[in-house]
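Everything below concerns the one structure shown next.
The values are calculated or read from the model by the stated rules, or taken from the named source; none is laboratory data. Note that the structure is a prediction, hence the values are computed from the model and not measured. Neighbour counts run over all protein chains shown; Cβ positions are idealised from the backbone, glycine included.
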Amino acid sequence: MKRHRRQAGLCWNRKCDPGIYNRKFVPEKMIGDIETVFTHAIVRTPGRNFDRGITTSGLGPPDYTLMVKQHRAYVNTLEFLGLKVIMLDAESDFPDAYFVEDTAVVTPEVAVITRPGAVSRQGEENSIAAVLSSYRTMERIRAPGTVDGGDVLMVGNRFFIGVSDRTNPEGAEQLSAILKQYGHEPVRISVSAGLHLKSSLNVVGENTLLLTPDFNGLAVLKHFEKIVLDDAESYAANTLLLNDHLIMPKGFPDTRRKLEKLGRPLIALDVSEVQKMDGGLTCLSIRF
Ligand code: CIR
């Protein structure tokens, strides 16, 4: 996989709120040799109708003003980490469209536009394709295949693809074939718990995964170091490793202690309103 080296100190946003970070940003220490540096992110403003999105959380009605504030803090964090953020407008027909991650899988070589698994979300991908076509060769998942980007975890050249209620075997097959064409190694995992694969499994270090107990013991993960979450903190599995920093949801002290041992700068963001809509930190952006 292609690696990019960021020019130290040139691209972080000094205007963002430093209060949300627990360490000072040290550009020259930021990029480990083994890690991809992401330079761009696509995000979408949550619409006023975001509370009409799909949810099973049972956490009560979300608050729009708080959601916008939390989303802004998320965008500030991406900018702080050096990413150029491409901000799209809300889509009135698609209340879940700010969960942009589900609409594309982007590798250094190709953008695969998905066909989201929830019928109410099919069509969100069109405006994302228009943006990504300026940056990558384009491929598409076609009917009857469905794929949600939340089911796809990139670990270097390897792509774990969750087969879930949203990503069907046909979609996983199409995505695997495309990824192989571009030299990547797809590995399928059956998603036995949680909405998406990345609701339960994420990469937090070169060879280290953060995962819920449900996914511990999978043979395809046996070569990785693992941090297994306490059941009560399973939501924190959706932690995002981005440009050498870990972005985790606020309010999960046991997970925080475990992640601190990795020695990476840790940023905890309040995403209470996102959680109410079954989403998490990874879902809110497409990073490339
Ligand atoms: C949905 O059910 O599709 C949205 N309410 C939440 C999507 C979250 N996306 C993600 O985890 N990648």
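Assorted remarks:
One line per residue, one yes/no per condition, for (1) within 16 Å of the ligand (Cβ to nearest atom); (2) in contact with a Pro (Cβ under 6 Å, 6 or more places away or on another chain); (3) farther than 30 Å from R52 by Cβ:
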site	(1), (2), (3)
A236	yes, yes, no
T239	yes, no, no
H245	no, yes, yes
D254	no, no, yes
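- Residues of the stretch 126-149 that are within 16 Å of the ligand (Cβ to nearest atom) and hydroxyl-bearing (S, T, Y): T146 alone.
- Test: residue in the stretch 247-265 that is buried (at least 17 other Cβ atoms within 10 Å of the Cβ), in contact (Cβ under 8 Å) with a residue 60 or more places away in the chain and not in a loop (DSSP other than H, G, I, E, B): yes
- Flag: H223 does not match the condition of being more than 18 Å from F160 (Cβ to Cβ) and away from the ligand (no atom under 16 Å from the Cβ).
- The condition of being under 17 Å from the mean Cα position of the chain (by Cα), surrounded by fewer than 22 Cβ atoms within 10 Å (Cβ to Cβ) and touching a residue at least 24 places away in the same chain (Cβ under 8 Å) holds for only one of M154, M138, that being M154.
- Restricting the stretch 157-190 to residues that are of a type in the set (A, V, I, L, M) and either out of contact with any strand residue (DSSP E or B) (no Cβ under 9 Å at 6 or more places or on another chain) or in a strand (DSSP E or B) (or both) leaves a set whose member that is surrounded by the fewest Cβ atoms within 10 Å (Cβ to Cβ) is V187.
- Within the stretch 191-207, restricting attention to residues that are within 12 Å of the ligand (Cβ to nearest atom) and assigned to a loop (DSSP other than H, G, I, E, B), the residue that is farthest from I227 (Cα to Cα) is L195.
- Close pairs from the stretch 93-119: first within 13 Å of the ligand (Cβ to nearest atom), partner of a type in the set (F, W, Y) and not in a strand (DSSP E or B), Cβ under 9 Å, at least 6 apart: P95/F50; D96/F50; A97/F50; Y98/F50; A104/F288
- Restricting L83, L66, L59 to residues that are surrounded by 15 or more Cβ atoms within 10 Å (Cβ to Cβ) and modelled with pLDDT of 95 or more narrows the list to L83.
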